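One structure is given here, and the rest of the page talks about it.
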Amino acid sequence: MNTVLPTLSLSGFVKDNNTIMRKQFEYFKASEYSQSTTFYGNISSLPYLIEQHNDDDIRLKSEIANTLTILYKRYFDKVSVEVRLDYKDDNSYNILIDIIAKNNGNDYSLSNVTNVSKNKIQDVEEIAEPYYE
């Protein structure tokens with residue numbers, strides 16, 4: 001599948017799959033669910049998922065994985081997403097996300113740690129190697 005990601009930046013139309021992996025995740029963590037009236041209900045938003053499912057760990061992990069799978073399948077032939085939660089205390093936890101995508105026989109990966117405190121994203125760290133074995 002030949003993919004192109006349109007952006008609203010100076011990057012224009014992005015064709016590099018590694019950049020598409022990174023940009024898609026940046027958009028996912030920064031987007032707000034209701035930022036568009038035209039596409040209302042169709043915006044993939046990590047802050048929205050945290051807000052909606054903060055009291056149900058299993059549902060939160062499932063919704064993040066499903067949303068990212070759908071989002072990345074627009075650009076890649078095959079997508080695998082793994083999500084884990086690592087609690088620091090009652091109000092703070094890390095969301096660990098590993099994404100592997102295949103396109104034209106090549107593998108692309110992205111691993112990420114997102115710190116959440118009091119149901120708000122605090123910081124995001126991109127990891128070079130996936131967490132899973």
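Please treat every number below as a calculation from the coordinates, not as lab data. Computed from a prediction, not measured in an experiment: that's the story for all the values here. Glycine also receives a Cβ, built like all others from the backbone with ideal geometry; neighbour counts cover every protein chain displayed.
As a length-normalised measure over Cα pairs under 8 Å and 6 or more apart, the relative contact order of segment 5-127 settles at 16 percent.
Just to check, using Stokes-Einstein with a Kirkwood Rh over alpha carbon pairs, what's the diffusion coefficient of segment 70-122 at 25 °C and 0.890 mPa s in µm²/s?
Details: Rh = 12.3 Å.
D = 199 µm²/s.
Take the Cβ-Cβ distance between Asn104 and Ser9 as r, set R0 to 25 Å, and report the resulting FRET efficiency rounded to the nearest 0.05.
Working: r = 25 Å, r/R0 = 1.00.
Efficiency, from the Cβ-Cβ distance: 0.50.
Each Lys and Arg contributes +1 and each Asp and Glu -1, all at the Cβ; summed about the Cα centre of segment 5-127, the dipole is approximately 480 debye.
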